[in-house]
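The values are calculated or read from the model by the stated rules, or taken from the named source; none is laboratory data. These figures come from a predicted structure and were not determined experimentally. Positions of Cβ are generated from backbone atoms using ideal geometry, with glycine treated the same way; all protein chains shown enter the neighbour counts. Surface accessibility is based on the protein's heavy atoms, side chains included, excluding ligands, DNA and RNA. Shrake-Rupley method; radii C 1.70, N 1.55, O 1.52, S 1.80 Å.
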Amino acid sequence: HGRTPPCTESILKAGFTRVVIGALDPNPLHAGRAVQILQAGGVKVMVGVLEADCTAVNRAFFKRITTGRPWVIAKAGMSLDGRMTRPPGEGQWLTGPAARRDAHRLRVRVDAILVGANTLRIDNPSLTIRGVPVPVHKIQPWRVVLSRGASELPKHAQLFTDEHKDRTLVYSGKSLG
């Protein structure tokens, strides 16, 4: 087993007589094995209860296991005319407070936040979680900067100087394909 032992051992030891499984683990190394183990131990197993909901809750994990690729959420603030930045002299924010809160709620749910080098140079973002409830176990997401060359990035940027600088990565000079 990986980081955690199989739950089937604990279920059998606890003496449960019935187990309800919403969605089977898609990992081919052990998909469906839990059902076999539990049934062999005399446990009645029902599979597929609220399956769509359970799959949705675990969609990031399921995507990684079934495709080998990460679950990615793309977030962009955009004006009605398609602009992603304000014209010079019109202030800092393109989006309102509610949209910014939503962005921070997304940050609570992800493992990494990615920006381009130009965003780093122009906005000097902190890419931290602020202003929303954060679960006790949640750590600061990785902050990833895409750049053609690391030498072009401002060394004084918040991402490189704040308390979370050790959770900042620069992806430089490599193909994303």
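General remarks:
- The residues of the range 112-144 that are over 20 Å from PRO97 (Cβ atoms), among the hydrophobic types (A, V, I, L, M, F, W, C) and within 16 Å of the chain's Cα centre (by Cα), listed by number, are ALA112, LEU114, VAL115, ILE139, TRP142, VAL144.
- Output for the range 11-51, where each listed residue is assigned to a helix (DSSP H, G or I), open to solvent by 60 Å² or more (accessible area, probe 1.4 Å) and more than 26 Å from ARG64 (Cα to Cα): LEU12, LYS13, ALA14, GLN39, ALA40
- Search result, residues across the range 160-177 that are closer than 10 Å to TRP142 by Cα and open to solvent by less than 90 Å² (accessible area, probe 1.4 Å): HIS164, ARG167, THR168, LEU169
For every residue, the table says whether it meets (1) within 27 Å of LEU176 (Cβ to Cβ); (2) open to solvent by less than 90 Å² (accessible area, probe 1.4 Å).
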residue: MET84; (1), (2): yes, no
residue: GLU90; (1), (2): no, no
residue: THR95; (1), (2): yes, yes
residue: ARG101; (1), (2): no, no
residue: LEU106; (1), (2): yes, yes
residue: HIS137; (1), (2): no, no
residue: PRO141; (1), (2): yes, yes
residue: ARG148; (1), (2): yes, no
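- In the range 108-135, the residues that are crowded, with 17+ Cβ neighbours inside 10 Å and of a type in the set (A, V, I, L, M, F, W, C): VAL110, ILE113, LEU114, ALA117, LEU120, LEU127, ILE129
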